[in-house]
Amino acid sequence: MWEIVSAGGLLMLPIIACSIVAVAIVLERFISLRSERVLPANLVADVWRMASNRQLNDDKVREVQQGSPLGRVVAAGLLTRGQDREVMKTAIEEVGGHVAHDLGRYLNALGTIAAVTPLLGLLGTVVGMISVFTNITTVGVGNPAQLAGGISQALITTAGGLCVAIPALMFHRYFRARVDALVIGMEKEALKLVDVLQRRPGPRASAPAARGGSGGASAAA
């Protein structure tokens, strides 16, 4: 393996560095974007119970806000719960945008790696071919070993760049779609709680059902 890498020349070093960074980002995002971490299943039902029992004070709201990304979005609605539904909805959407930005952390770097590594491979190809033609100009075509060295450098760097770029691009798009789905789920959960709080005539109102394993449930009637 090391012989192949060394045959690729100096441009293999930034390609390898990009691969290490890409692996680190993918592992970190898999951990950070787990559903149970972003969308705790019983959070909305727990908040509703506290609200119906008149236990939802500022300390409880701060606790909800600091507990999870969904908690931040729900807390935005709770902080404006004495106002109209549109005001609460606007606050939820605004905080949801901030949360979406946080959930998309490092994805721009992953996308940059997916775009740059093929270019590094292409640069290695150009450098390798320049070496080939330089050898042809200097010693002619009588030494196949020298020609093979430049050609192998061109092919190795190209293959190395593509081997990093292809999975990086796939994971970048996967995590983008994952973030979008989580943000939509958070907003649905928060708006479900808003609807219940706005229509709640008293402590006898039905609590919103706990969310299952998938994204946000439909709004409570």
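Read-outs: derived from the displayed coordinates by stated rules, not from any lab. All figures in this text were calculated on a predicted structure; none of them were measured in a lab. In this analysis, Cβ positions are derived from the backbone assuming ideal geometry, glycine residues included, and neighbour counts consider all displayed protein chains.
What the table shows:
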| quantity | calculated |
| --- | --- |
| Estimated FRET transfer efficiency when R0 is 35 angstrom, pair Leu10-Phe30 (beta carbons, to 0.05) | 0.65 |
| Cα-based Kirkwood hydrodynamic radius, segment 36-147, one decimal, Å | 18.7 Å |
| Extension reserve of the Asn57-Ile166 stretch, reckoned as 0.36 nm per residue once the Cα distance is removed | 34.3 nm |
| Distance between modelled label sites at Arg49 and Thr112, nm, 7 Å Cα→Cβ extension | 4.6 nm |
| Ranking of Glu63, Glu86 by count of other Cβ atoms within 10 Å, fewest first | Glu86, Glu63 |
| Interatomic Cα distance distribution for segment 2-197, bins of 5 angstrom, percent | 1, 8, 14, 13, 11, 8, 7, 7, 6, 6, 5, 4, 4, 3, 2, 1, 1, 0, 0 |
